[in-house]
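Notes follow the structure.
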Amino acid sequence: MIVVGIETSTPQTSVAIGTEHEILAKASVAGAARQESVTPLLADLLRRSDLSLSRVGGIAVGIGPGLFTGLRVGVETAKTLAQVSGVPIVGITSLDALAYPVRFTPRTIAAVIDARRGEVFSAIYRAVPGGVVRQRGYLVHEPDRLAAELQALPGEVLAVGNGAMLYRDVFEGTGSRIEFASSVAAHPDAAALVELAVPRFLREEHDRSFDVVPMYLRKSDAEIAWDRRARSI
């Protein structure tokens, strides 16, 4: 089964094509996602893989949490592709996709994405055979609060993501037993989406299109500004 993955939750946009056996092609570009960046990436990967869109059997998309505009672009592009192609779609949280590639560590995994405004999106995982299991809900909070949570965890922690890298000094300042994943793994990757989605497609556990929506853990800048103006009236 051929699956396309689209990940646009961070300042690195990535697209991948793969099957239950291998990743056939993948590519990424720096910068917030735009419609004109996602679609050409996919077209180039299809061409390089000698595939047509008609051979794709499913679309996997990262639903966040992450950048508001990027998430909208990625989700809407994925839903349009699924509708045009008549194939199923699955939405996968970007924190799950971030944690999955480091699943071979014996440490507790902290997936951390920069949420801007001095905050981070995070989730805590443990590795299990074949993947990872999330230990608590997805949160948005200040780095020092996450650092305190990680300090309270038993054993060692592997922190992964651009949020972990940005606030490394905060996490190290707690004295916690924290290792940091390579910058290569700083952003959720579309190839991880493909690997996570393929088993779901094979089990026919896809999502309904209208259920695939961006995961926003807080209000947008525009909504916050509107609320402030409304309170000042």
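Only the coordinates and a few stated rules stand behind these numbers; no lab work does. The shown structure was predicted, so the numbers you read here are calculated from the model rather than taken from an experiment. So basically every Cβ, Gly included, is an ideal-geometry build from the backbone, and we count neighbours across all protein chains shown.
Only beta bridges with both residues in the range 101-196 are counted; by DSSP, about 65 percent of them are antiparallel.
When each of Ser28, Ser183 is scored by the number of other beta-carbon atoms lying within 10 Å, the sequence from fewest to most is Ser183, Ser28.
Grouping the Cα pair distances of the range 50-144 into 10 Å bins from zero gives a pair-distance distribution of 15, 36, 31, 16, 2 percent in increasing distance order.
Report the relative contact order of the chain, percent, no decimals, based on alpha-carbon pairs under 8 angstrom and at least 6 residues apart. Numbers along the way, then the final one.
On the way: 509 pairs, mean separation 53.7, N = 233.
Dividing the mean separation by the residue count of the chain yields 23 percent.
About its Cα centre, the dipole of the chain is roughly 360 debye, where the only charges are +1 on Lys and Arg Cβ and -1 on Asp and Glu Cβ. Projected label points at Tyr216 and Val184, each 7 Å from Cα along the beta carbon direction, are separated by 3.6 nanometres. Shape of the chain from its Cα gyration tensor (a ≥ b ≥ c, root eigenvalues): rounded if a/c is under 1.5, otherwise prolate when a/b > b/c, or oblate? Oblate. Once both labels are positioned 7 Å from their Cα atoms along Cα-to-Cβ, the gap between Thr19 and Arg177 label points is 4.3 nm.
When a footprinting reagent is the concern and you count Cβ atoms within 10 Å, what order do Thr8, Thr108, Thr39 take, fewest first? Kindly include the intermediate steps, with their values, before the conclusion.
Numbers: Thr8 33, Thr108 20, Thr39 16.
Ordered by Cβ neighbours within 10 Å, fewest first: Thr39, Thr108, Thr8.
Which length gain, in nm to one decimal place, applies between Phe104 and Val170 when the Cα-Cα distance is subtracted from 0.36 nm times their residue separation?
Working: separation 66, 0.36 × 66 = 23.76 nm, distance 2.54 nm.
Value of the extension gain: 21.2 nm.
With θ taken as phi - 60° and the Karplus curve 6.51 cos²θ - 1.76 cosθ + 1.60 applied, the whole-hertz 3J(HN,Hα) list for the range 180-185 is 10, 5, 4, 4, 4, 9 Hz, x standing for glycine and proline.
Paramagnetic label reach from Glu204 (point 7 Å along Cα→Cβ; backbone nitrogen cut-off under 19 Å): within the range 79-116, residues 86-91. Ordered by the number of other Cβ atoms lying within 10 Å of each residue's own Cβ, fewest first, Val61, Val29 fall into the sequence Val29, Val61.
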